[in-house]
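Notes for the one structure printed next.
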Amino acid sequence: MILLVFGNPREITAGGVGGPRRWADSLLGMPLSPWLIGAALVVALAALVAAIRDRPMRRMILVGLALLELGLVVQAVLALIGLGEVGEKGTFIGYLIGVLAIPPAAVWWGRAEPTRYGTGVIAVAAFTVAVMVGRLVQIWNGS
Amino acid sequence: MISGPGRLLVAVYGVFALAATSRAAVQIATKFHEAPLAYLLSAFAAVVYIVLTVALARGNRRVALGACVIELTGVLVVGTLSLADSAAFPQATVWSGYGSGYGFVPLVLPIVGLVYLLRAKGRPRRPDLASGDQAKRKA
């Protein structure tokens, strides 16, 4: 869904031609990525629900964000090891390293705001992580 | 520093400033000759997002309002041109197709920004006393 919303339409068609096989190929170098996208979406949803219900930021959400960051670091190490196959190296490394900055930045910017809007910041950040990891998989696939 | 809903807006603008800047940097560094106009527009959009993010975060209303208007104009003009004359815009910018490549967020964002900035106008200068945020914090 993320890829459908945010990807370039042409890129989606290109990815669709190869279908499941290309997705499977991508897992060889980035086995964590689908899990990270799922985890990021769960954190985003939890934060969104908390924000809508106007509840303060739960510790669970912050723990989820910390685990997400840990997964992103592992992903970066794994992907850098298998970097030889990637086409757009500059963009790929940019996303790979750039995404690491998102969770800490969100905690810094969101925790200073103890209302629902601080939790909203976490939701936006987690969703951004999901989109960026989605783009990473697309680039890895060469689409 | 800004508080309340503005903080959320700054977060979203920050993401777009980052995305637009990186995209423009890559485009200009690697394939500028392919579509100079589109890539310069990308860079311009990136600058507008950066200015907006900083102005909003620091509570600089006038600069933020100006940047919001430029942003809305940009996304409407570039969006229309990219559809009407796709040959002139062979490569994507954040504003192409009214921001369709980014879930139309680039189109919605300046409108949300303008609504936020214009609504905040009538309030007193100290946001803590003006909104219900203070009461919520104590609750």
> For B:9-18, what's the mean count of beta carbons from other chains sitting within 10 Å of each residue's beta carbon?
Replying inline: 5
> Within region B:10-80, which trypsin sites (Lys or Arg not before Pro) sit in a loop by DSSP and count at most 15 neighbouring Cβ atoms inside 10 Å?
Replying inline: B:ARG58
>> Just to be sure I understand the curve: with the Debye formula and one point per C-alpha of region A:33-141, what is log10 I(q)/I(0) at q = 0.11, 0.13, 0.17, 0.24 Å⁻¹?
In response: -0.34, -0.46, -0.72, -1.21
>> Largest first, please: the extent of the C-alpha atoms of region B:14-78 along each principal axis, to the nearest Å.
In response: 38, 22, 13
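Bear in mind these aren't lab numbers, they're just calculated from the coordinates by the rules spelled out. All values reported here derive from a predicted model rather than from experimental measurement. FYI the Cβ positions are ideal-geometry reconstructions off the backbone, even for glycines, and counts take in every protein chain you see.
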